[in-house]
Amino acid sequence: MHDFLLAKEIIDELKKIVVEKNIKRVKNVSLEIGTISLAHDGHPEHTEDISVENLEFGLKNIAKNTPFEETVLKIKKVKGESWKITEIKV
Ligand SMILES: [Zn+2]
């Protein structure tokens, strides 16, 4: 579940960056993903490990008709309770 919620959060963040930097198309995005703490569907905040497979699937779906449609994603699992964009290549 957190995989798909995180996918949306990542695309929203990437959209902000391309607008700020006036980027038309993104070739590569590298991400570091830890466990993700979220509150959703009436549950209080809890952590959940992220499945890279589900995350990639979610990202590909959400990326349709955005500047990230053709973007190659590199996802690295890391320890810790957060995620970050480590590199964007245009
Ligand atoms: Zn959850």
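Annotations for the structure displayed:
- Flag for Asn61 being within 16 Å of the ligand (Cβ to nearest atom), on the phi < 0 side of the Ramachandran plot and part of a helix (DSSP H, G or I): no
- Output for the stretch 27-53, where each listed residue is polar (S, T, N, Q) and closer than 25 Å to Ile17 by Cα: Asn28, Ser30, Thr35, Ser37, Ser51
- First in the stretch 1-17 and under 19 Å from Lys74 (Cβ atoms), second anywhere and within 16 Å of the ligand (Cβ to nearest atom) and hydroxyl-bearing (Ser, Thr, Tyr), Cβ under 6 Å, 6 or more apart: Asp3/Ser51
- The stretch 36-56, residues that are closer than 13 Å to Leu5 by Cβ and either aromatic (Phe, Trp, Tyr) or not in a strand (DSSP E or B) (or both): Asp41, Ile50, Ser51, Asn54, Leu55
- Residue match in the stretch 6-27 (condition: away from the ligand (no atom under 16 Å from the Cβ), outside any helix (DSSP H, G or I) and in contact with a Phe, Trp or Tyr (Cβ under 8 Å, 6 or more places away or on another chain)): yes
- Pairs with Cβ under 6 Å, 6+ apart, first in the stretch 21-47 and of a type in the set (Val, Ile, Thr), second exposed (fewer than 11 other Cβ atoms within 10 Å of the Cβ): Thr35/Glu81
- Residue, farthest from the ligand (Cβ to nearest atom), within the stretch 28-58, restricted to residues that are among the charged types (D, E, K, R) and more than 16 Å from Glu87 (Cα to Cα): Glu56
- Matching residues in the stretch 56-79 - criterion: being under 19 Å from Gly34 (Cα atoms) and of a type in the set (A, V, I, L, M, F, W, C): Phe57, Leu59, Leu73, Ile75, Val78
A short reminder: the numbers here are calculations on the coordinates, not readings from a lab. Bear in mind that the values here come from a model prediction, so they are computed numbers and not experimental data. Counting neighbours? That spans all protein chains shown, and the Cβs are built from the backbone with ideal geometry, glycine included.
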